[in-house]
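Below: one structure, written as structure tokens.
The values are calculated or read from the model by the stated rules, or taken from the named source; none is laboratory data. Keep in mind the model is a prediction, meaning the values are calculated, not measured. Here the Cβ is made from the backbone with ideal geometry for all residues, glycine too, and neighbour counts use every protein chain on show. The protein model used for the area step is the full one, side chains on, heavy atoms only, and it has no ligands, DNA or RNA in it. Shrake-Rupley method; radii C 1.70, N 1.55, O 1.52, S 1.80 Å.
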Amino acid sequence: MTLDYLYGRPKGPLPDDIAAARRLLGMTDESIRRDVCELTQWLRDQPNLPNTLDGVELDWWMENYLVMNKNEVERVKDNMPVYFQLKTILPEVFRNRDPKTNKDMIKGYDTTLLGLVPKIMDGGRKLAVFMHRPDTPASDYNPLGIATHLTCLADLYLAQGMDHVKFVVIIDMRAVRLGHLARYPLGLLRRFFLYAWKAYPERVAQIHIINPPAILNVVMAMFKPLLKAKMRKRMIVHRNFETLLEDVPLKYMPKDYGGESPSLIELHETWRQKIIDHQPYFNKCSAKHRVIDKKTNVESSENNMSS
């Protein structure tokens, strides 16, 4: 599959939400040019990292990665090598990111709902809502497919433009059962939380848990140790829906919850289709956005010379 075009900075003024995210971080046209110039030169000076990024204009990708890293240049330099190493650290996540052929992704999509609300809340906050589908058996749930989907979301934002500075996550646990927890491969889970979150350092302002199940303590015991202390402090359990609305205005919620946003299934399917539509770019990311294997390059050169 080939790309018909390179993802790049839009011509003319940036879309409102993308421009607003930059203003919230104190970024200006001048600071973006200065910092992106420094970072692209830094990247070229790293012998084991690629000089360019296939499928996307390097300056544009770097600008978006700077947004994802809170507009902190040194933070970018610390995290970017992990972004390239991640294809080796989590090969099972990047092996195939096609929702039409990857059985893990198909099961992940079919047993859960994950919706990103298009409208940005105050402070550059983007709302994400996740839940298990109540009408599917826990044995069909596949967390590896969800992990793969999350990397696709992040890569698409880095290619098309970061329109937010932080996430507010709502986890609806009404359908969570012990069978779901048994499906998590703990080794993968640890690697994902440790490395993927560093490679894609999305800021999470709050994690709201609604409709907590009777096994909430078991869920917390499993996931809390994987979270940094500051993230654990941002988790809020709501015993009633009204307390959630103190932090998340109702109008931003999916219409399933009485809000004005599209339904959770509509949001879920919209992103499934987006990831299908952008497969050529995801293939490029998996194959090319990675640490340079010098041994392979040398062997390839030798083979070419002998032929």
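Odds and ends about this structure:
- Number of positions in segment 11-27 that are exposed (fewer than 14 other Cβ atoms within 10 Å of the Cβ) and in contact with a helix residue (DSSP H, G or I) (Cβ under 8 Å, 6 or more places away or on another chain): 1
- Checking the stated criteria, LEU113 turns out not to satisfy the condition of being at pLDDT 95 or above, farther than 25 Å from LYS255 by Cα and surrounded by 20 or more Cβ atoms within 10 Å (Cβ to Cβ).
- Failed item in (1) in a helix (DSSP H, G or I); (2) open to solvent by 30 Å² or more (accessible area, probe 1.4 Å); (3) of a type in the set (Phe, Trp, Tyr), with TYR184 passing the rest: (1)
- Restricting segment 136-177 to residues that are open to solvent by 30 Å² or more (accessible area, probe 1.4 Å), out of contact with any helix residue (DSSP H, G or I) (no Cβ under 7 Å at 6 or more places or on another chain) and not polar (S, T, N, Q), the residue that is farthest from ARG23 (Cα to Cα) is PRO137.
- Residue within segment 31-52 that is open to solvent by 30 Å² or more (accessible area, probe 1.4 Å) and under 22 Å from the mean Cα position of the chain (by Cα) present: yes
- Among the criteria (1) among the polar types (S, T, N, Q); (2) more than 25 Å from GLY123 (Cβ to Cβ); (3) at pLDDT 95 or above; (4) open to solvent by 40 Å² or more (accessible area, probe 1.4 Å), the one SER307 does not fulfil is (3).
- Selected residue (criterion: nearest to the chain's Cα centre (by Cα)) from residues of segment 248-279 that are surrounded by 14 or more Cβ atoms within 10 Å (Cβ to Cβ) and either over 27 Å from ILE210 (Cα atoms) or among the small types (Gly, Ala, Ser) (or both): ILE275
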